[in-house]
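Here is the structure we will look at, set down as structure tokens.
Laboratory data are not the source of any read-out in this text; all were calculated from the coordinates shown. Please read all numbers here as calculations on a predicted model, not as lab measurements. For neighbour counting, all protein chains shown are included, and Cβ atoms are generated from backbone atoms with ideal geometry for every residue, glycine included.
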Number of protein chains: 2
Amino acid sequence: MLTIGQLADYAGVTTKAVRHYHERGLLAEPERDASGYRRYTAGDAVELVKIRTLADAGVPLARVRGLLDAEPDVLATAIAEIDRDIADRVAKLRRTRERLAQLRGGDRLFVSPGVADHLDELRELGMSERHIRLERDGWILMRTAAPAEAEAWLAEKRELMGDPEFRALCVDFDAAFDWPADDPRLPGLAARLRAWHAGREAAPESPPVRDPGIARLAEVSLPGGSSPAWDRLARLMSGPERLADNERAPLT
Amino acid sequence: MLTIGQLADYAGVTTKAVRHYHERGLLAEPERDASGYRRYTAGDAVELVKIRTLADAGVPLARVRGLLDAEPDVLATAIAEIDRDIADRVAKLRRTRERLAQLRGGDRLFVSPGVADHLDELRELGMSERHIRLERDGWILMRTAAPAEAEAWLAEKRELMGDPEFRALCVDFDAAFDWPADDPRLPGLAARLRAWHAGREAAPESPPVRDPGIARLAEVSLPGGSSPAWDRLARLMSGPERLADNERAPLT
DNA sequence: CTTGACCTTCCCCCTGGGGCAAGGTTCCAC
DNA sequence: GTGGAACCTTGCCCCAGGGGGAAGGTCAAG
């Protein structure tokens, strides 16, 4: 006859766990001796090892209870299912390991693969990390707001990246972020941007105008989404007639 | 700007979980809009995906908190450790699968491999399942009471199994379980058992007398541990002078 | 103007036990 | 035979990592 501690040691569990199994109805309460101690038989030890084997396999205790006295065929079916479940969990853990390996390097984790590839292209162009983060966050917002459209927009933008003038504009626009608001290069850049937009709209397929939306979203929602030079660029592009006006109070 | 539901969808979690992360200090509480709704930025989405990636890897939330803003080298070290941990868990799951596969077939799960092999030998001898269960439970009790000695006893018993007379005695003793108490074969069997014991004790190396202890343990603690014929056998062996006495009241 | 889908806080529930308290036992050594 | 250590008993609260649902406020569409 075993005490609860001896029984627990045999199965490699704590006495707490054994009492827990009693409460859950997994293991029958054994006889008590004269002083109220529980007294177990070897049969209880076998039962406890069964319980632990199933529990170690991740079977919830509530289900273990049903399985202990199940018919052999029911048990076999359940075991097959549990085995499949373990295989799934192993596969999932493997995938998690792969994701984890990417956690060191970059943004691929946080966005869809397409966006990650796009960000890599921008990085290769030599664009600033600040801009790349801005771009990443913009795509996150878009994908959340409108997943299907975001995919289409992304495809469109990646196609545009094939245009050397567009790439140059992207790089220069990025660089302009740090310029002073009265930098003499700003009007020229604004003109190039407007010219490029005009060329786009004259093209046979006219894609939906999306940039304003994106830009506003990113500007409003993200810290560091704008700078004095970018603000002035926006004013320069919205209408050259008010240029002189803004010229005189660029830092308001 | 995202609502809590949109944010949760992006990361594939529930709004409950997001609020939980706020409570745990994993994710900073964002600004509220005029009606008290939380309003999130894309940066929060990135942060949330980070949290989930680590949590999916099995990192406790309390530790995730520390890792989110860790220096790259600290993070790299932690990730390496987490990766090792996952590999361990995968290995453990594989072992569990193997154990699970044995759950269908027999007793190997519940006892040490040595005992399991011994039980297989008994089975091959043609001994009853009842007896094998009794034997199994006896070894469980012994291993629990005295692990080291149990190993030695087991080795000894398995050596004895090499003796054809011992094997024959085992089989006959098992068969006697179901005999009636007044079966005429019992005195003969008792004589053979006593002769064999006598031979053992006369042998050069005299191993410790262990059978009485085991037998008592098993009888006392296990249901179905004895029968009228076995009881009579025990009396026959303990002293032939009282044989006639017991002959007259075998079923007391 | 209603209806359904959101959002808010609050509180209790689950699993699988762990920790600790307050008290009774048993065993082993001295 | 008498400590003291190591058991045992019940009872209660605690943890992670959320889930469920109540009770109420809000928002957008038809």
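A few comments on the model shown:
- Ranked by how many other Cβ atoms sit within 10 Å of their own Cβ, fewest first, the residues A:R63, B:R167 fall in the order A:R63, B:R167.
- Charge context of B:L154, other residues only, Cβ under 10 angstrom, K/R +1, D/E -1: -2
- With Cα atoms defining each centre, the stretch A:29-98 and the stretch B:133-185 are spaced 29 Å apart in the structure.
- Shape of the stretch A:1-123, Cα gyration tensor, a/c cut at 1.5: prolate
- Relative exposure of A:R143, A:R97, B:R94, judged by other C-beta atoms within 10 Å (fewest first): B:R94, A:R97, A:R143
- For B:R97, inter-copy label distances in nm, listed shortest first [label point 7 Å out on the Cα-Cβ vector]: 1.3
- Nearest-0.05 FRET efficiency for A:D163 and B:K92, computed from C-beta distance (R0 60 Å): 0.65
- Zone of A:A70's modelled label, taken as backbone nitrogen in the stretch A:6-49 under 18 Å from a point 7 Å along Cα→Cβ: A:25-27, A:47-49
- Entries in A:K16/B:K16; A:K92/B:K92; A:K16/A:K92; A:K50/B:K157 that, when Cα-Cα distance is taken, lie over 22 Å: A:K16/B:K16; A:K16/A:K92; A:K50/B:K157
- With the simple spin-label model, which puts each label point 7 Å out from Cα in the Cβ direction, the A:M237 to A:S35 separation comes to 8.6 nm.
- Length added when fully stretched, A:A101-A:H20, from 0.36 nm per residue minus Cα-Cα: 25.3 nm
- Taken along the Cα-to-beta-carbon direction at a fixed 7 Å, the label points for A:R63 and A:D85 span 0.2 nm.
- Axis-nearest residue in chain A [Cβ, rotation onto B], distance in whole Å: A:V90, 3
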